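Down below is the structure, laid out as structure tokens.
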Amino acid sequence: MRILIVEDEKKVASFIKKGLEEEYYSVDVCHDGKEGFELATMEEYDLLILDVMLPYKDGITLTKELRAEKINTPILLLTAKDKVHDKVDGLDAGAEDYMTKPFAFEELLARIRALLRRSVISKSVQIKAGDLILDTQSHKVTRDNKIIDLTPKEYSILEYLMRNKNSVVSRTKLSEHVYDYHFDTDTNVIDVYINKLRNKIDKGFESPSLLYTVRGIGYIIKDE
């Protein structure tokens with residue numbers, strides 16, 4: 001899952017980003033509403049977390065403009081304002097949820113999980129390809145009933161490939177979804193992770209291989 005955080009308090013943004021990455025999410029961060037609008041309209045995200053008080057373009061205005069652009073990605077607003085009418089304004093603008101600062105990180109995680117469960121992309125808690133099963137709630141991956149230990153980045157890559165199983169995913173598309181927008185797509189980091197994944201999910205199993213490289217194009221999880 002890829003999340004965009006638009007938060008002008010850099011310490012808060014860094015704290016949320018670090019915590020979400022530890023929970024297997026891929027996270028982009030920017031610090032003003034103008035850049036937030038550009039990223040949200042140009043990139044593919046599963047959730048947007050927007051601070052209300054932002055430079056150049058506040059979170060309420062940003063939400064309204066994104067909805068006007070037919071960007072239907074779930075939006076969670078963050079703000080220090082706790083008046084009822086402030087929350088109503090945010091929800092009426094098109095946001096799905098609203099949290100006041102300060103907040104407990106566990107509650108933020110719970111609200112994120114709830115929003116992603118309601119989104120179309122997250123209807124299925126378990127994603128399957130043959131006997132390979134990825135549970136998006138527990139982050140547990142098994143094949144032939146054997147638990148496969150993955151790093152957060154390996155998990156993110158596998159989840160994206162499995163959500164697009166039987167379709168070739170280009171290296172660029174994969175790197176854009178799994179890493180932030182500063183990632184250098186010319187490096188071979190993705191290839192390294194793909195090799196590690198292949199060793200973990202295919203090597204040593206009697207079942208047919210699932211992860212393939214399509215030379216010159218990208219990668220595919222095949223579910224015959």
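The values are calculated or read from the model by the stated rules, or taken from the named source; none is laboratory data. Only a predicted model underlies this, so the values are computations on that prediction, with no experimental measurement involved. Quick reminder, even Gly has a Cβ in these numbers, built from the backbone with ideal geometry, and neighbours come from all protein chains shown.
Give the residue, chosen from S138, S156, S124, S167, that is hydroxyl-bearing (S, T, Y), modelled with pLDDT of 85 or more and either exposed (fewer than 14 other Cβ atoms within 10 Å of the Cβ) or part of a loop (DSSP other than H, G, I, E, B) (or both).
On the way: S138 fails: modelled with pLDDT of 85 or more; S156 fails: either exposed (fewer than 14 other Cβ atoms within 10 Å of the Cβ) or part of a loop (DSSP other than H, G, I, E, B) (or both); S124 fails: modelled with pLDDT of 85 or more.
Only one candidate passes the filter, namely S167.
If I filter region 181-200 for residues that are assigned to a loop (DSSP other than H, G, I, E, B), in contact with a strand residue (DSSP E or B) (Cβ under 8 Å, 6 or more places away or on another chain) and not basic (K, R), do I get at least one hit?
Step one: list which residues in region 181-200 are assigned to a loop (DSSP other than H, G, I, E, B), which gives 181-188.
Those left that are additionally in contact with a strand residue (DSSP E or B) (Cβ under 8 Å, 6 or more places away or on another chain): 181.
Narrowing the set further to residues that are not basic (K, R) leaves 181.
Yes: one or more hits.
Quick one: L48 ticks every box in (1) touching an Asp or Glu at 6+ places or on another chain (Cβ under 9 Å); (2) free of Cβ contacts under 8 Å to residues at least 60 places away in the same chain; (3) crowded, with 16+ Cβ neighbours inside 10 Å except a single one, so which number is it?
That leaves (1) as the condition not met.
Let's see how each residue does on (1) within 17 Å of L115 (Cα to Cα); (2) part of a helix (DSSP H, G or I); (3) touching a strand residue (DSSP E or B) at 6+ places or on another chain (Cβ under 6 Å):
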{"site": "F15", "(1), (2), (3)": "no, yes, no"}
{"site": "V29", "(1), (2), (3)": "no, no, yes"}
{"site": "E44", "(1), (2), (3)": "yes, no, no"}
{"site": "M53", "(1), (2), (3)": "no, no, no"}
{"site": "R67", "(1), (2), (3)": "yes, yes, no"}
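Of everything in region 12-37 that's charged (D, E, K, R) and under 11 Å from K153 (Cα atoms), which residue is surrounded by the fewest Cβ atoms within 10 Å (Cβ to Cβ)? Spell out the reasoning first.
Of all residues in region 12-37, those charged (D, E, K, R) come to 17-18, 21-23, 28, 32, 34-35.
Still in the running and under 11 Å from K153 (Cα atoms): 21-23.
Numbers: E21: 16, E22: 9, E23: 14.
This residue is E22.
Return yes when K146 is out of contact with any strand residue (DSSP E or B) (no Cβ under 9 Å at 6 or more places or on another chain), more than 25 Å from K17 (Cβ to Cβ) and not assigned by TED's automatic domain parsing to the domain that holds H85 and no when it is not. Step through it out loud before you land on a result.
Numbers: out of contact with any strand residue (DSSP E or B) (no Cβ under 9 Å at 6 or more places or on another chain): yes; more than 25 Å from K17 (Cβ to Cβ): yes; not assigned by TED's automatic domain parsing to the domain that holds H85: yes.
Against the criterion (out of contact with any strand residue (DSSP E or B) (no Cβ under 9 Å at 6 or more places or on another chain), more than 25 Å from K17 (Cβ to Cβ) and not assigned by TED's automatic domain parsing to the domain that holds H85), K146 qualifies.
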